[in-house]
1. Can you find a residue in the range 675-687 that is hydroxyl-bearing (S, T, Y), touching a residue at least 24 places away in the same chain (Cβ under 8 Å) and exposed (fewer than 14 other Cβ atoms within 10 Å of the Cβ)?
2. How about the range 246-274: which of its residues are part of a strand (DSSP E or B) and loosely packed, with under 13 Cβ neighbours inside 10 Å?
3. Of all strands (runs of 3 or more DSSP E) completely enclosed by the range 356-441, which ones contain at least 3 residues that are more than 27 Å from F676 (Cα to Cα)?
4. Considering (1) more than 19 Å from T172 (Cα to Cα); (2) in contact with a Lys or Arg (Cβ under 9 Å, 6 or more places away or on another chain), say which one G213 fails and leave the rest.
5. If I636 meets every condition in (1) at pLDDT 95 or above; (2) out of contact with any Lys or Arg (no Cβ under 9 Å at 6 or more places or on another chain) apart from one, which number is that one?
6. If you check L556, L649, which single one turns out to be assigned to a strand (DSSP E or B) and more than 22 Å from T722 (Cβ to Cβ)?
7. Would you point out the residue of the range 703-737, among those that are surrounded by fewer than 17 Cβ atoms within 10 Å (Cβ to Cβ) and part of a helix (DSSP H, G or I), that is farthest from the chain's Cα centre (by Cα)?
8. For P505, work out the one condition from (1) surrounded by fewer than 19 Cβ atoms within 10 Å (Cβ to Cβ); (2) at pLDDT below 90 it doesn't fulfil.
Amino acid sequence: MSLLKLTEFKIASLIKFGLFVILLLGGYACSSESEEPAPEPDVIAPTVNFAIAGANSSPSESTPVFSNQITIEINAQDAGGVAKVEAFINDQKVGEDTTAPFQITVDLSGYTSKMPSSGKFQDYTLKIVATDTSGNQSSTEQVINIDNELPSISNVSLQNGAIINGDTNAVTFEVSDNEALSTIQVFLNNELFQEFSDGVFEFNINTLELSEGENSFRIEAVDLANNTANFDVAFISDNTGPEIIVSNLIDGQIIDESFNLSPQVQDEFSEVVAFTALLNGDTILESTTDQIGEVLIDPEELAVGEASFELVASDALGNETTMNLTNQVLRRLFKVQMENGFFESTWFSFHILISEMDGSFIMLKSAKITDNELVLHAPAEFPLDKEYMVSFIGEENQGSWIETHMTVVQNLTRSNFTEINFSAPFGESMTQQTIPMSGFFGVENVIGRGHGFQSTHDSNLESFSLESYEGSGYNPYNGYYLTGYNMGEDPSFYGYLKIDNPLSPDFVINRSDFSFDNINQGSTSFSGNGLATYNHTLNIWGFENAADVGNRNSHLIYDSNYTFNPVGTDNYYYPTVFEAYQHHFRLNNYNTYRDGLPAAEYLLPNWTIDHTQSGNEVSITKSGLGHTVGRLMVEIGNETNGSQLMPILFASSQEGPVYLPILPEELSNLNVYPIFQNQTYSVEYSELISFDTITTYEDYLDNVISSYKEHTEVAPIMESMTNRNAFIFNNWSFKYQ
């Protein structure tokens, strides 16, 4: 308790308690006489010394020179503890530290290095002051010089961004300083590359030891004050020639079609200054820039065999790139495209036989079941206008016998026939339904038939069997038209009924549901042809709309086999509910398929054709004008493999005989091989054919053969004349399952 407070307490106690004053004063006197004496004050200053990091620790008579920054390491000691240390330059405070170990960093960049009048260093006094916790201070000082001028690096011979190559690239430079230099070094890609101890500042860059592209070097100069100057140069190392890109030609590629060779040349770092393309040693393309241009490569101008291309490009540094391509020039015959599904699971094989026009062998190509495309090349030189024949041969397992599908096309050249596109066979599945019938009489006939369905009824007209097809080449019907004959209804004996697809489970074909409305009668005459005019056939198909025409969703609405007509005339019936019609008219050996309803009159073309066969040679005699295509239908079956027909198609303008192909020994496993070897085949009929929109054999090859079409699919009017009254078959048995 302080004396002041104790005195105040005594006075207050004396006023309140009177007699106790003396006692309290007595007690106070005793207490004061027993306290400890006060400690001696701290008057001893701390000890202090310092060192500047990086300075020479050896004694020297010269004043130390420092650069633009120093770090002062201070050793200050005191028994009572050091409160702080301070740094002063010329008595101006420049730093302070309050925590041991003491260290002060001072920025000297703002101080003048030399006196302008004399050019000598300006002296500065660096003083360090240490203060202990009692405020005692001690100090120590040192005179220093400050050098803030960096070394100068100049006249570097390699400029930033320069592109160099090779193993010799000399780089020179100059270095100077206001005082003296300590070290001069060059770093290449941040690694020490060379040190210099004399006044010759030159080094060499070997770019062959560097990575392509961007590299760099740095010149570093350090003076005695540790001022450091750097000079950085980024440069490009380019020892690679220009890149040559050819997008449509690779090494080993077969050259069988014309194409434009249009190389692209690019250099990542340098400028393209030269390009040359040579073919078999002859220059075909040149340029002095990266804009190369193009040149047409026509294999017809080259000999069959090896073709060597050499492409050479150079850049401004002399780097060169050479591309060598060795290719084969072949004579392309044609390309075969095979849609997925073309090869049926029941097929054994598919072969393409190329023969001379006399039937002798040229080459054979066999397809694998996984093939979608084949390109056939002649085995040797083959002129563009040289004619040949092709046989497409497929073998199929029909269970109890092997069927050979075979179609032969003649008068082909490399100019008029370039490809064929095989589609998947019609149909993948068949649905059969049996439908009850009611109310019919025994003399009546009910039929239903179209591209995607057919039907029959039993002899008692009590049940109706409907078969519909689905899959490739077929499109769903929304219903099926049935036609009835000898129905006995007024105004005609002809009626029709459309049934739904799909049918309801309890559906019954009732006679009373047939319609006799919207029926027209037409008539066609063919009595002026001077033939036995009773032997004719007329079929009419209806299409409900344009989409059905495109999808070939036809409905047979008239069949002359179910009617009776006077000689030379056919009075036919047809419902008017259809948007489009197509018909087939046959009179003896004349056939025509046409769009629309039957013509009012048919005048047969004045064509005749006949043939005689001797072995594989068939002599043709023909007359008349206007036909385009000839066809032989050849029987190649036997007792064990059933009746099989092989169509041979040829240009009807051809003079001379038609030859059947001779099968090579490679096809000896074919079921029909013995028949061809023994020449036991026979021509069933010969035929002349025309189309109103196909007037040349070249057009025929393009629209029928290349497109894999039948004669009934390609023109509004098709006409044919055979050598005898014969049923007309299709060209492609491959198309039908």
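1. Yes, because at least one residue in the range 675-687 is hydroxyl-bearing (S, T, Y), touching a residue at least 24 places away in the same chain (Cβ under 8 Å) and exposed (fewer than 14 other Cβ atoms within 10 Å of the Cβ).
2. Step one: of the range 246-274, the residues part of a strand (DSSP E or B) are 254-255, 259-261, 264-266, 272-274.
If the condition is that a residue be part of a strand (DSSP E or B) and loosely packed, with under 13 Cβ neighbours inside 10 Å, then N260, Q266 are the ones that fit.
3. Values: elements: 361-366, 373-377, 388-397, 402-412, 419-422, 429-438.
Of the strands (runs of 3 or more DSSP E) lying wholly inside the range 356-441, those with at least 3 residues that are more than 27 Å from F676 (Cα to Cα) span 429-438.
4. Every listed condition holds for G213 apart from (2).
5. Going through the list (1) at pLDDT 95 or above; (2) out of contact with any Lys or Arg (no Cβ under 9 Å at 6 or more places or on another chain), I636 breaks only (1).
6. Details: L649 fails: more than 22 Å from T722 (Cβ to Cβ).
Matching residue, one of L556, L649: L556.
7. This residue is T712.
8. If we test P505 against (1) surrounded by fewer than 19 Cβ atoms within 10 Å (Cβ to Cβ); (2) at pLDDT below 90, just (2) comes out false.
The values are calculated or read from the model by the stated rules, or taken from the named source; none is laboratory data. Source: prediction; values computed, not measured. Neighbour counts are summed over all protein chains in view; Cβ atoms, including those assigned to glycine, are modelled from backbone coordinates with ideal geometry.
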